[in-house]
């Protein structure tokens with residue numbers, strides 16, 4: 001499959017709301033570019049996504065998601081001097097409509113439940129993210145094996161898990177890896193996933 005990548009350069013200066021028990025406002029100034037990525041030419045499935053300048057993005061084979069026939073993965077990598085990793089999995093329900101709320105909740109539970117045995121948190125705490133045309137939720141899990149231990153270059157203390165249910169039938173599941181949830185790099189990853197605008 002040939003993929004077309006069209007780039008538009010846009011400067012976005014933003015502030016984030018991150019929920020960490022109490023509401024805190026964390027501000028960062030970062031230049032972003034908006035990219036239009038064609039995931040499937042036949043179905044005209046594409047997305048607009050905001051990527052920080054200096055970050056790289058590549059497409060990989062889709063990660064299977066229950067109830068979604070075809071998925072597409074994007075890997076978003078920060079500059080080499082920054083530590084973090086973002087994987088975005090996207091798919092289409094095939095109905096042209098968002099998943100029913102109960103089905104969406106089951107999807108979230110199925111992805112998070114397998115991670116809880118390795119996390120400090122026994123019960124995940126979910127937070128809402130405002131999307132242009134859908135519902136977004138995320139939670140943050142702490143790797144229990146890294147508590148009071150220094151992570152290696154390939155280990156991350158925190159795992160953010162983001163889910164989005166769009167009105168046009170697109171589903172997004174993302175994992176955000178970082179060592180500091182209050183860091184600019186984690187804020188940037190939240191900005192990336194919340195910026196996604198799918199088109200079918």
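A few notes on this one:
- The numbered conditions (1) under 21 Å from residue 199 (Cα atoms); (2) modelled with pLDDT of 95 or more; (3) touching a helix residue (DSSP H, G or I) at 6+ places or on another chain (Cβ under 7 Å) are all true for residue 139 except (1).
- Selected residue (only one of 150, 182 is under 14 Å from residue 83 (Cβ atoms) and not in a helix (DSSP H, G or I)): 150
- The one condition from (1) surrounded by fewer than 18 Cβ atoms within 10 Å (Cβ to Cβ); (2) in contact (Cβ under 8 Å) with a residue 40 or more places away in the chain; (3) touching a strand residue (DSSP E or B) at 6+ places or on another chain (Cβ under 8 Å) that residue 93 does not meet is (1).
- Residue match in the range 153-168 (condition: surrounded by 20 or more Cβ atoms within 10 Å (Cβ to Cβ) and either over 29 Å from residue 31 (Cβ atoms) or out of contact with any strand residue (DSSP E or B) (no Cβ under 7 Å at 6 or more places or on another chain) (or both)): yes
- Among the residues making up the range 128-147, those that are touching a residue at least 40 places away in the same chain (Cβ under 8 Å), part of a strand (DSSP E or B) and crowded, with 16+ Cβ neighbours inside 10 Å are 129, 136, 138, 140.
- Close pairs (9 angstrom Cβ cut-off, 6 or more residues apart or separate chains): in contact (Cβ under 8 Å) with a residue 40 or more places away in the chain and at positive phi in the range 161-183, buried (at least 22 other Cβ atoms within 10 Å of the Cβ) and in a strand (DSSP E or B) anywhere: 169/92; 169/198
- Residue in the range 14-24 that is part of a loop (DSSP other than H, G, I, E, B), out of contact with any strand residue (DSSP E or B) (no Cβ under 7 Å at 6 or more places or on another chain), modelled with pLDDT under 90 and over 17 Å from residue 166 (Cα atoms) present: yes
- Only residues that are free of Cβ contacts under 8 Å to residues at least 40 places away in the same chain, crowded, with 16+ Cβ neighbours inside 10 Å and over 19 Å from residue 195 (Cβ atoms) were counted across the range 40-85, and they come to 2.
- Residue match in the range 33-50 (condition: at negative phi, in a strand (DSSP E or B), at pLDDT 65 or above and touching a helix residue (DSSP H, G or I) at 6+ places or on another chain (Cβ under 7 Å)): yes
- When residues of the range 173-200 are limited to those that are in contact with a helix residue (DSSP H, G or I) (Cβ under 9 Å, 6 or more places away or on another chain) and crowded, with 23+ Cβ neighbours inside 10 Å, the one farthest from residue 49 (Cα to Cα): 178
- If the condition is being without any contact (Cβ under 8 Å) to a residue 24 or more places away in the chain, closer than 22 Å to residue 167 by Cβ and either touching a helix residue (DSSP H, G or I) at 6+ places or on another chain (Cβ under 9 Å) or in a loop (DSSP other than H, G, I, E, B) (or both), then the range 96-123 contributes only 100.
- Residues being part of a loop (DSSP other than H, G, I, E, B) and either at pLDDT 90 or above or in contact with a strand residue (DSSP E or B) (Cβ under 6 Å, 6 or more places away or on another chain) (or both) - total across the range 71-90: 5
The values are calculated or read from the model by the stated rules, or taken from the named source; none is laboratory data. Just so it is clear, the structure is predicted and the values come from calculations on it, not from any experiment. Glycine also receives a Cβ, built like all others from the backbone with ideal geometry; neighbour counts cover every protein chain displayed.
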